[in-house]
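Right, one structure below, let's go through it.
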Amino acid sequence: MAQRLRETVALVTGASSGIGEATALQLAADGATVAIAARREDRLDELARKIRDAGAHALVVVADVSDREQAAGCVETTVGELGRLDIVVNNAGQMLLGPVAEQPAEEIDRMLALNLQGLIHVSQAALPHLRSAAQDPPRRVADLVNVSSVAGRRANAGAAVYNATKHGVGAFSEALRQEVTREHVRVSLVEPGAVATELLSHNRPEIQEASARRLGDLDPLRAQDVADAISFVVTRPRHVAVNEVLVRPTEQQQ
């Protein structure tokens, strides 16, 4: 797939670590110019150096996409600096677990604002530009990829709010797909199972310990595995839309 994305521009949110970082590197290797967005500027600067050292181009955009104005600004900065927008990967999110009765309000608010509202804010701001790119060379198709989770397919005790946000991402993605697919804007949902990233480390210590016991010696996905799936989705021919990808570790049962 090398250079299949030449002359395109991709925006990846949540790019400072994990799946977002791996996806930005992969899309750059595929030939895209990549705008990398997140809150942690130092991490973004390091990632931009990696992309540039590999001979590709990167734009650092510091933003918290849970804020509507910053989400819109993230998109407009990308288009203003790079001239177009062909691919958006909505990856920014947090997984804060725990029983509903005990979950701090700030954790609930943060997940709703980032996992769901932030994704919607970015999507809304990006749509005019994706529609425009879908009419123009080099591909005459555009892609919006929303990173969800296995948690968007099934509900589990101890993850109610996270489940709610990811089920919401799935519903939003399918409804939006129906609205724009005839314009050759492809909307895709990527749902990873357990992935070896820092996602769990943002939880309270007791939640981290419980999660580690639950996962046991499971061999998880790597971030690159998910990046490979996203790369596959966005490099399909114009007449092919891969709307949903569920990818689990081989040993994961649920």
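Key figures for this structure:
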{"item": "Local electrostatic count at G31 - Lys and Arg +1, Asp and Glu -1, tallied over other residues with Cβ under 13 Å", "result": "0"}
{"item": "The chain - mean residue ellipticity at 222 nm from DSSP helices (-39,500 (n - 2.57) per run, n ≥ 4, rounded to 500)", "result": "-13500 deg cm²/dmol"}
{"item": "Computed magnitude of the charge dipole of the stretch 1-55 (debye, nearest 20; Cβ of K, R +1, Cβ of D, E -1)", "result": "60 debye"}
{"item": "Neighbour net charge for R49 - beta-carbon separation under 14 angstrom, K R +1, D E -1", "result": "-3"}
{"item": "Cβ-based exposure ranking for D217, D225, D30, D143, in which fewest neighbours within 10 Å come first", "result": "D217, D225, D30, D143"}
{"item": "FRET efficiency estimate (nearest 0.05) - Cβ-Cβ, N243 to Q3, R0 30 angstrom", "result": "0.75"}
{"item": "Net charge of Cβ neighbours under 9 Å - reference V150; Lys, Arg +1; Asp, Glu -1", "result": "+3"}
{"item": "Full-stretch length increase - T181, Q208 - with 0.36 nm per residue and alpha-carbon distance subtracted", "result": "5.7 nm"}
{"item": "Rough spin-label spacing in nm, given labels placed 7 Å along Cα→Cβ, for Q224 and E46", "result": "1.8 nm"}
{"item": "Dipole moment magnitude, nearest 20 debye, the stretch 130-213 about Cα centre, only Lys, Arg, Asp, Glu C-beta charged", "result": "220 debye"}
{"item": "Residue list for the stretch 226-249, given a label point 7 angstrom along the Cα-to-Cβ vector of R140 and an amide N cut-off under 17 Å", "result": "236-241"}
{"item": "Packing-based order for 129-137, 55-63, using average beta carbon neighbours within 10 Å, highest first", "result": "55-63, 129-137"}
{"item": "Anisotropy class of the stretch 77-122 from Cα gyration tensor, a/c 1.5 cut", "result": "prolate"}
{"item": "Exposed-loop-free span, longest in the chain, where GluC sites (Glu not before Pro) count as exposed if DSSP calls them loop and at most 14 other C-beta atoms lie within 10 Å", "result": "8-197"}
{"item": "Size of electric dipole in the chain: Cβ of Lys, Arg +1 and of Asp, Glu -1, about Cα centre, debye, nearest 20", "result": "780 debye"}
{"item": "Farthest toward positive dipole pole in the stretch 9-247 [+1 Lys/Arg, -1 Asp/Glu at C-beta], among G158, V234, G18", "result": "V234"}
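Just so you know, all these numbers are worked out from the coordinates, no wet-lab data involved. The model shown is predicted, which means the values in this text are computed figures rather than measured ones. Positions of Cβ are backbone-derived with ideal geometry, glycine not excepted, and every protein chain shown enters the neighbour counts.
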